[in-house]
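Working notes for the structure below.
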Amino acid sequence: MILIVDDKVENLIALSKVLQSHGFENEKAHSGEEALKKALRKRYDLIILDVQMPDIDGFEVAEALSGSSRTSDIPIIFLSAVNVSKEFITKGYASGGRDYLVKPIDTDILILKIQTFIKLSQTQLSLQQEIEQRRLAESRKDEFIGIASHELNTPLTSIKGYLQLARVSLEQQRIPQTKLFLERSEKQVNRLNMLVTELLDTTRIESGKLKFHYQYFDFEPFLRGAVDNFREVYPDKHIVIRGDGLETVRVLGDENRLEQVVLNYLSNAIKYAPGSDEVEVDVSLPEEGLIQVDVTDHGIGIPVERQPHLFEKFYRVDEEARHFQGLGMGLYICAEIISRHQGEYGMTSEPGKGSTFYFRIPLVPRNIALN
Ligand code: ADP
């Protein structure tokens, strides 16, 4: 959108028509004051500014615009009827203007200049967006390093403590106590191991080196096995598997990586549902050649505005992140695994009620190399 500013209505109308005939949307301002008001309210790609105007002249408008961060980078083309001296032109550039045209205007030249400015303005905008995106990614990474150091340090401190206690109990020949402390430190070692694996997987995804080993396997025993492994870690939780007609379903995929997805969905379903012990796993065949797994919890849920970001790297829902352990990498890794199986993933959630995370993969993905 271009703003044209001139105190003479006939000039405004003529210029507006020329711009319109070349496909440039434009708005008119009849005075310096009106131009300032408009430019502060709305973002223009370019301002074409008459120099000689009563009250606030074109240079003063340009100077005022360059003083505000919202408008200082808008390009300006000055239009002047006067016999231009070098000093006059210098003033135009010095007050923030970028170019200068003398009336009567050569419309071909004007259009060429406008096209150049608009292109520059668009390039600048996309560069700014890029910078902003990188800044966001950078600050997420910084925040992540902080969380990661804390998450790694916590089990390490516990392990140190439990091992000291185990040594003291052993010295006092209290074997059951020693065993208990060793078991507790083993649990913490497992947690540490999981965190480091997540970190390594994330790095491998970044460098395109996350390896997959595709093989045919029966889906139902695979899923039961994954859930049983999970039940061993959480014997007090109630995990229900539902689904019919799955006995003959065979899938071509990386069994270990898909188990990683199921375990991740399950551990989130437990972690983000402190008040509930029930998780449902539904398996279905939504279409010919596709299998879908839904993991439903009755936990805290996720606010609607956060839902689109969950599968992004390092993403954690702010308010919850402080109360629950995690690095915000689990779902990012799941997304990569599912995509590599040519599948889809997603979730639905109702804050305060619970969430369902699902994935859907083809039974036999296309062009997969068996190994
Ligand atoms: P984290 O290690 O933080 O759990 P994930 O990538 O697994 O990382 O999950 C990203 C974020 O998504 C979590 O921090 C959490 O805020 C949210 N989230 C994931 N699963 C659930 C769930 N079942 N219920 C509520 N929030 C969830």
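The values are calculated or read from the model by the stated rules, or taken from the named source; none is laboratory data. Given the structure is predicted, the values throughout are model-derived calculations rather than measurements. Cβ: placed from backbone, ideal geometry, glycine included. Neighbour counts: every protein chain shown. Ligands, DNA and RNA are stripped out before the accessible areas are found, and what is left, the full protein with its side chains, is counted by its heavy atoms. Shrake-Rupley method; radii C 1.70, N 1.55, O 1.52, S 1.80 Å.
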Original post:
Which of the GluC sites (Glu not before Pro) found in the range 20-82 are loop residues per DSSP with 16 or fewer other Cβ atoms within 10 Å of their Cβ?
Top reply: GLU25
**OP:** Provide the gained length on full extension for the span GLN325 to ILE118, in nm with one decimal, where the gain is 0.36 nm per separating residue minus the Cα-Cα distance.
**Re:** 69.7 nm
**OP:** Could you pull the Rg and Dmax for the chain, using just the Cα atoms, both in Å?
**Re:** 32.2, 104
Original post:
Going by alpha carbons, how many degrees (0 to 90, nearest 10) lie between the helix axis of 32-41 and the longest principal axis of the chain?
Top reply: 10
**OP:** Report the residue, chosen from MET53, MET194, MET329, that carries the largest GNM mean-square fluctuation when the chain is represented by alpha-carbon nodes joined by springs under 10 Å.
**Re:** MET53
**OP:** Identify which of GLN188, GLN173, GLN215 has the largest mean-square fluctuation in a Gaussian network model of the chain, with springs joining Cα atoms closer than 10 Å.
**Re:** GLN173
**OP:** May I ask for the net charge around ARG257, where only other residues with Cβ less than 15 Å from the Cβ of ARG257 are counted and Lys, Arg are +1 while Asp, Glu are -1?
**Re:** -2
**OP:** Quick one: among HIS213, HIS238, HIS30, which has the greatest mean-square fluctuation in a GNM of the chain with alpha-carbon springs under 10 angstrom?
**Re:** HIS30
Original post:
Going by alpha carbons, how many degrees (0 to 90, nearest 10) lie between the helix axis of 107-171 and the longest principal axis of the chain?
Top reply: 20
**OP:** Return the carbon/sulfur percentage of the accessible area of the range 191-337, one whole number, probe 1.4 Å, all protein chains in place.
**Re:** 50
**OP:** Give the residue from GLY352, LEU163, GLN188 lying farthest towards the positive end of the charge dipole for the chain; charges sit on Cβ (+1 for Lys and Arg, -1 for Asp and Glu) and the dipole is referred to the Cα centre.
**Re:** LEU163
**OP:** Can you figure out the FRET efficiency of GLU132 with ASP318, using R₀ = 22 Å and their beta-carbon distance, to the nearest 0.05?
**Re:** 0.70
Original post:
Using a simple spin-label model with points 7 Å from Cα along the Cα→Cβ vector, what separation in nm is obtained for ARG167 and THR248?
Top reply: 6.3
Subject >> q = 0.16 Å⁻¹, the range 115-205: log10 I(q)/I(0) [Debye, one scatterer per Cα] >> reply: -0.78
Subject >> Helix 219-233 axis, angle to the chain major axis (alpha carbon atoms, nearest 10°) >> reply: 80
